[in-house]
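Below: one structure, written as structure tokens.
The values are calculated or read from the model by the stated rules, or taken from the named source; none is laboratory data. Because the structure is a prediction, the values reported are computed rather than measured. A quick note on method: Cβ atoms are made from the backbone with ideal geometry, for glycine too, and the neighbour counts reach across all protein chains shown.
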Amino acid sequence: MEGREVVLPTVSRVALCGGTHGNELSGVYLVRERLKRKVEEEEHISVVTVMSNPRAVQQCRRYTETDLNRCFTHATLSGPVTDKTPYEIVRSQELNTLLGPKGSPEAMDLVCDLHNTTANMGLCLIAYSDCDWISLHIYRYLQRQMSDIPVRFIHFDLPLNEAYSLDSVGKHGFAIEIGPQAHGVVRSNILSTMQEGVQQMLEWVRLFNSGTPFEGGKVDVYTMVKNVDYPRDFETRGITAAIHPQLQDRDFCLLRPNDPVFQTFSGETLKYTGTEPLYPFFINECAYYEKGIALSLARQRSVGIPSIRSEREGEQGKRKSSAEEMEEEEEIKGEMEEEGYQKLMEYGEESDSLNGQYK
Amino acid sequence: MCSIMEGREVVLPTVSRVALCGGTHGNELSGVYLVRERLKRKVEEEEHISVVTVMSNPRAVQQCRRYTETDLNRCFTHATLSGPVTDKTPYEIVRSQELNTLLGPKGSPEAMDLVCDLHNTTANMGLCLIAYSDCDWISLHIYRYLQARENNHHRDSSFWMHFLIRVELPYSLDSVGKHGFGELIGPQAHGVVRSNILSTMQEGVQQMLEWVRLFNSGTPFEGGKVDVYTMVKNVDYPRDFETRGITAAIHPQLQDRDFCLLRPNDPVFQTFSGETLKYTGTEPLYPFFINECAYYEKGIALSLWSNAASPSPHMALAHSRAVPDRQETRADTLLRPEGARWTGAR
């Protein structure tokens, strides 16, 4: 990719969303303060600030009837609305009108959705694509600018038509997830970190839009492989173990075969039975008990990113739809793979399956 | 405050009937899982002691919420316990009266000898026993026993322990028994169970029951001195005048610093615009419940406590020895110098 520069449209319209889960308070207070200060128009960029789920925020609960951040699939967004439709589904369609429509040229250029987790994850950008150069360059910029907290990129390898979260409504999008913080609590240091993250992100967008080129290189990403549920009682489905003390708070520390994972309530240790060492995250996230997730496991990969800059005046071709942009990104990614930008997997095994990873 | 009792031996009835309660707040999971496991293993009769294990608020536990309509652990005042019940009565008030029938009635000779209620907090408080009296010798001796066992443990993560005394009219579940206290462990996010916190609570409960067994079998326990903290006041978040929304968070230099002395002019809050707000009181006090999730709605950012260590350093305990088969009657208790909470003017 040496010397190849990708030219992309400016990221002129940005949406900043908080309170998608009403008890994840960093985003709630960050959005509240921005709405109070009425910050909207800034140089080179227009930012819309949104409180995604006001009803859940008011009750300080994750959701009132159903998890809003699972309501942004094309199916749910285009479903019929009646008196009986859950509040969050009605709200997802409102947000899709406001920030989308998802998949259309009118959608926000960038949707950034703010979250907290009870897991010890530091700051994570979470996205569906590992070749959205805008998101990956923002990630790299945040990593370099923010020294107080580890910054990582988590890639959920889902095709866009299966993407279910709010950030998938924009042409580009990701969630910023910061932990650990108990739900319903606001910790000063975590809020400051989120404020800094948002500032740096908007700073990058401003620089990008004003024509600053950003050099390519390599970044580490964590690609989601699978979720692991708690051991459960056969009849009641109640959990019968907690995360083992030696795994608790060790997000992104490599989990090897036979490492302890759970400690049953009668004191027994249950070990990792997988054959592949993987990186755990969302370890003991409160909201995931009901979703059957004790922890998630990921592979770490090195991803090459091209140099990018924004379109200049006169360079503007027709506005591409998300699908067309994605096609081009996949093409570039393919080229980069051929040029050997993909590193071997962490534990040293060369694997044919690496080629099969990208659907 | 009770008078010092150096050298004096106190003889008390056995603590034969103990109630262990969890899930009083449905999302404080250490107590929920501890109680679930005990109920599964059907542990009840043990030597010298009979233990009733209770899931206090099953509806809230099932929904993993603190409460469904009103905070159960504020429903145990005499007024609420004796109030009328209709179709419209909140679930928790109905439940408090059921629990009072099961474990009380509060203030009567039939009440459980000891009620221990299990809780968690998001505050960095370690292990705390919380009671209403500074001269309930049973509770204080249990605390001292737990402390001594903790000090003997060589573990990576040992827990600080404190004994807290509330000054309000007793409103919580533990006030139903003749003796009682809340056992609180933090920090743990609500809705989450952390192995090490659960183990600590299990150990604390074991040791408490062990003390009761020893006491009931006639073992004397030597007197001594105990540090206690007495509630002085609560401090609310600064709030927006119109919306009543909070306008600041606990300052980073105070966050997680429970039971570290707060001095005049120490930082307390950091506003969302970055300004530091300082402690304006004149008396240095000890903060607890710093940034407890459930207290935002109760208007409490932290609460401030005084240490009984100042000016008189310690609380003296007398020797206590159990006398089996002695039924304590109302008349007897009125003569007890320490003035147990549930006697006297009520």
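Set side by side, the residues A:340, A:317, A:334, A:292 differ, and just one is at pLDDT 95 or above and outside the structural domain of residue A:217 (by the TED database), which is A:292.
Regarding the stretch A:214-224, can at least one residue be identified that is under 29 Å from residue A:34 (Cα atoms), touching a residue at least 60 places away in the same chain (Cβ under 8 Å) and either among the acidic types (Asp, Glu) or assigned by the TED database to the domain that holds residue A:60 (or both)? For the stretch A:214-224, residues under 29 Å from residue A:34 (Cα atoms), touching a residue at least 60 places away in the same chain (Cβ under 8 Å) and either among the acidic types (Asp, Glu) or assigned by the TED database to the domain that holds residue A:60 (or both): present.
Checking every residue in the stretch A:130-138 against the condition of being touching a strand residue (DSSP E or B) at 6+ places or on another chain (Cβ under 9 Å) and assigned to a strand (DSSP E or B) gives zero matches.
If you go through the stretch A:199-211 one residue at a time, do you hit one that is closer than 29 Å to residue A:43 by Cα and within 14 Å of chain B (Cβ to nearest Cβ)? Checked against the condition, which is being closer than 29 Å to residue A:43 by Cα and within 14 Å of chain B (Cβ to nearest Cβ), the stretch A:199-211 yields at least one hit. Name the single residue that is modelled with the lowest pLDDT among those in the stretch A:219-262 being loosely packed, with under 15 Cβ neighbours inside 10 Å and basic (Lys, Arg). It comes out as A:237.
Matching residues to (1) assigned to a loop (DSSP other than H, G, I, E, B); (2) more than 20 Å from the chain's Cα centre (by Cα); (3) within 21 Å of residue B:184 (Cα to Cα):
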position	(1), (2), (3)
B:73	no, no, yes
B:87	yes, yes, no
B:92	no, no, yes
B:95	no, no, no
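For residue A:196, the conditions (1) more than 14 Å from chain B (Cβ to nearest Cβ); (2) under 28 Å from residue A:304 (Cβ atoms); (3) among the charged types (D, E, K, R) are fulfilled apart from (1). When B:259, B:241 are checked against the criterion of being among the aromatic types (Phe, Trp, Tyr), out of contact with any helix residue (DSSP H, G or I) (no Cβ under 6 Å at 6 or more places or on another chain), more than 9 Å from every other protein chain (Cβ to nearest Cβ) and without any contact (Cβ under 8 Å) to a residue 12 or more places away in the chain, B:241 stands alone in meeting it.
The rows are residues; the columns are (1) within 14 Å of chain A (Cβ to nearest Cβ); (2) at pLDDT 95 or above; (3) under 25 Å from residue B:233 (Cβ atoms); (4) surrounded by 24 or more Cβ atoms within 10 Å (Cβ to Cβ).
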{"residue": "B:172", "(1), (2), (3), (4)": "no, yes, yes, yes"}
{"residue": "B:176", "(1), (2), (3), (4)": "no, yes, no, yes"}
{"residue": "B:180", "(1), (2), (3), (4)": "no, yes, yes, yes"}
{"residue": "B:187", "(1), (2), (3), (4)": "yes, yes, yes, no"}
{"residue": "B:192", "(1), (2), (3), (4)": "yes, yes, no, yes"}
{"residue": "B:213", "(1), (2), (3), (4)": "no, no, no, no"}
{"residue": "B:216", "(1), (2), (3), (4)": "no, no, no, no"}
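Could you check, for the stretch B:66-79, whether at least one of its residues is over 26 Å from residue A:263 (Cα atoms), more than 14 Å from chain A (Cβ to nearest Cβ) and among the aliphatic types (A, V, I, L, M)? Checked the stretch B:66-79: at least one residue is over 26 Å from residue A:263 (Cα atoms), more than 14 Å from chain A (Cβ to nearest Cβ) and among the aliphatic types (A, V, I, L, M).
Just checking, does the stretch A:253-261 include any residue being of a type in the set (D, E, K, R) and either under 21 Å from the mean Cα position of the chain (by Cα) or part of a helix (DSSP H, G or I) (or both)? No, the stretch A:253-261 has no match at all.
Could you please let me know if residue A:283 is in contact with a Phe, Trp or Tyr (Cβ under 9 Å, 6 or more places away or on another chain), assigned to a loop (DSSP other than H, G, I, E, B) and within 14 Å of chain B (Cβ to nearest Cβ)? When the stated conditions are applied, residue A:283 does not pass them. Any residue that is under 22 Å from the mean Cα position of the chain (by Cα), modelled with pLDDT of 90 or more and farther than 18 Å from residue B:246 by Cα - is there at least one of those in the stretch A:25-36? Checked against the condition, which is being under 22 Å from the mean Cα position of the chain (by Cα), modelled with pLDDT of 90 or more and farther than 18 Å from residue B:246 by Cα, the stretch A:25-36 yields no hits at all. For the stretch B:106-125, the candidate set comprises residues that are surrounded by fewer than 20 Cβ atoms within 10 Å (Cβ to Cβ) and in contact (Cβ under 8 Å) with a residue 24 or more places away in the chain; within that set, the residue that is nearest to residue B:66 (Cα to Cα) is B:124. Applying the selection to the stretch B:97-129, what residues are away from chain A (no Cβ under 14 Å), in contact with a Lys or Arg (Cβ under 8 Å, 6 or more places away or on another chain) and assigned to a loop (DSSP other than H, G, I, E, B)? Of everything in the stretch B:97-129, those that are away from chain A (no Cβ under 14 Å), in contact with a Lys or Arg (Cβ under 8 Å, 6 or more places away or on another chain) and assigned to a loop (DSSP other than H, G, I, E, B) turn out to be B:107, B:109, B:111, B:112, B:113. Screening residue A:147 on (1) without any contact (Cβ under 8 Å) to a residue 24 or more places away in the chain; (2) within 14 Å of chain B (Cβ to nearest Cβ) shows it passes everything except condition (2).
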